[in-house]
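Here's the structure, in structure tokens; my notes come after.
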Amino acid sequence: MRKISIAAFAAAALLGSLFSPVSLAAQSADFNMARSLEIQNNILKELVNGFVDSVSVEKLVNTGINAMLGSLDPYTEYIPEEDEQNIELLTTATYGGIGAIIKKLDTTGVIISQPYIGSPAVKYGLEPGDVILEIDGEDVMPLDAGECSSRMKGEPGTSVSFLVRKGRSGKTQQLEVVRERIHIPDVSYSGILKDTIGYIKIDGFTVNGSEDVRKAVVSLKEKGAKRLILDLRGNGGGLLDEAVEIVSLFVPKGTLIVTQKGRINVGADMEYRTKSEPVDTLIPLMVLVNSGSASSSEIVTGAVQDLDRGLVAGTRTYGKGLVQAIRPVGYNGTMKMTIAKYYTPSGRCVQAIDYSHRNSDGSVGYVPDSLKKAFKTRLGRTVYDGGGITPDSVITSTPYSRIAVSLVMNDIINDYAIKFYTEHASIPPVRDFSLTDEQYGDFVKYAVSRDFDSRSGAQVLMEDLLKSAKQEELDEYIKAEAEALKSKLSISKEQMLLLKKDEIQPLVEEEIANKYYFTPGRVEAIIKSDSQLQKAVALFAGE
């Protein structure tokens, strides 16, 4: 009897283990998922069969998928088959097409706004201000900008025909352009800024982008660079592997750069160490960042800071410490899914604690000291987590005025640059180019003729104050004073454009330089008036 009792006890124990808390939890999760899917399916059937209007099941499901993924974080998203090109552009910065930024005007056609350097558009003579009237024999006027862009893209080696009205001559011509694989380089500019300070502007982290950085570093060293600035401002990130490769240019082979940690059993835990021999482990290095520096930019920045390999300058970074991976989900659709958090060499996670509440520029807001944790760099310096990376040297930039932002957002500066390009065959080299007073006056006349918000910040605040006073029935008490102040603050478009000339003229010159000398020309023009960069250079030079 005792043997039987022991056997029964053993069987009961085994049965109990089969229904352990972990097992029961898994079964419960499976049941809940099956139940939810069945409810969703039943709801769709009822809507298709009984809703008062016709229902698109595909549209409903896609809306549900997007809402479901959007509730998780801002980075997990579904990418249907028709948007597959976006995956390629995201990871490789390449696509098949003619290589030009276009804009569609309802009254004109498709305007070439900016061709890319070395693109088919340039090779076949398309210039800023040229107007495409037909694509493959079809009038563009009934098409929207997206449809026009889609028809201009295609497999490399295939042709697309255009009926074009030239911006400078006004003559119409037929043009057949052979599409190529268009690549947008990660390095938009490299050069010597002052004496022996080399400068590299990095705009992304796409496939083989680190090779562009390597070539720039080698080239600058050959030109006499003794110090290097890596400008990652506004760089929203990209491929993690490329970030590791960029850091590998400056640290010994085998150095730990970043660790990613996912959920249990997801298989996302990984360590990333440098695999390549460095170019230079001693050259003084500065990384320049701002609130637009995110993800892979923060991996590079965090590694340079934690390894005490260089100086980080600028303003606090964005605070995106999440890793995404591409997963197939059937019918040629994919999902970009957050699978892990990454950690810098010191152990910091730069992910904002609450990424759902950010500043107007998208960066993480204030994080109280009580929520920050201290970490140590390789040489024992104290650094903190809590959202983004705080520079070793904080260098702020001057914010743009409302009118400058309005001019850019309404495309007025870009449109004037196109106009300028069609009226001037050439301009001097960027370092020698600046608008004359007469030319800036011409811009003012053009801008005044366009519709945009030219109010100052003070005017907006005054208008808000008057609205608040009226709501509280105080407007009559302050009427005389308010009208007097309102009158003093009221400035015409022309007056405001002249008042803000020192700020606006460089923006116009940058856009014009872009038309003639492409992206490198734009960056070179920006450098001339970039006060934040100039302060960083002075700091790096020990001035």
### Contour minus Cα-Cα distance for L474 and E134 (0.36 nm per residue)
116.5 nm
### Task
Please quote Rg/Rh for region 138-283 to two decimal places, taking the Kirkwood radius as Rh and restricting both calculations to Cα atoms.
1.15
## Note on the structure
Length gained if L44 through D280 is fully extended, taking 0.36 nm per residue and subtracting the Cα-Cα distance, is 78.9 nm
### Message
I need the Kirkwood Rh of region 215-255: take the reciprocal of the average 1/r across all distinct C-alpha pairs and report it in angstrom.
### Response
12.0 Å
### Query
Which whole-number percentage describes the relative contact order of the chain, with Cα contacts under 8 Å and a sequence gap of 6 or more?
10 percent
### Task
May I ask for the equivalent-ellipsoid semi-axes of the chain, computed as the square root of five times each C-alpha gyration tensor eigenvalue and listed largest first in whole Å?
46, 33, 30
## Note on the structure
Cα-based Rg/(2.2 N^0.38 Å) for region 99-210, rounded to two decimals, is 1.27
### Query
What is the Cα coordinate range of region 161-204 on the first, second and third principal axes, sorted by size from largest, in whole angstrom?
49, 26, 13
### Task
In Å and from the alpha-carbon atoms only, list the Rg and Dmax of region 146-186.
12.6, 36
#### Entry: Segments 482-489, 213-220, 190-197, 314-321 sorted - mean Cβ within 10 Å per residue, highest first
314-321, 213-220, 190-197, 482-489
### Query
Over what distance in Å are the Cα centres of region 375-423 and region 30-64 separated?
45 Å
### Task
Output the relative contact order of region 422-512, whole-number percent, from Cα pairs under 8 angstrom with separation of 6+ residues.
44 percent
### Task
In whole angstrom, note down how far apart the Cα centers of region 441-482 and region 313-346 are.
43 Å
#### Entry: Relative contact order (%) - criterion: Cα under 8 Å, at least six apart; region: region 151-213
25 percent
### Summary
For the E438, S401 Cβ pair and Förster radius 35 Å, calculated FRET efficiency rounded to 0.05 is 0.90
### Task
Take the alpha-carbon centre of region 108-142, take the same for region 186-204, and report the distance between them in whole Å.
31 Å
### Message
What's the ranking of 38-49, 413-424, 233-244, 436-447 by average number of surrounding C-beta atoms within 10 Å, highest first?
### Response
233-244, 413-424, 436-447, 38-49
### Task
Note down the nm distance, to one decimal, between modelled labels 7 Å out along Cα→Cβ at M409 and at L498.
2.7 nm
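Values quoted throughout were computed directly from the atomic coordinates according to the rules given, and no laboratory measurement underlies them. Remember, predicted model here, so these are calculated numbers, not experimental data. Counting neighbours? That spans all protein chains shown, and the Cβs are built from the backbone with ideal geometry, glycine included.
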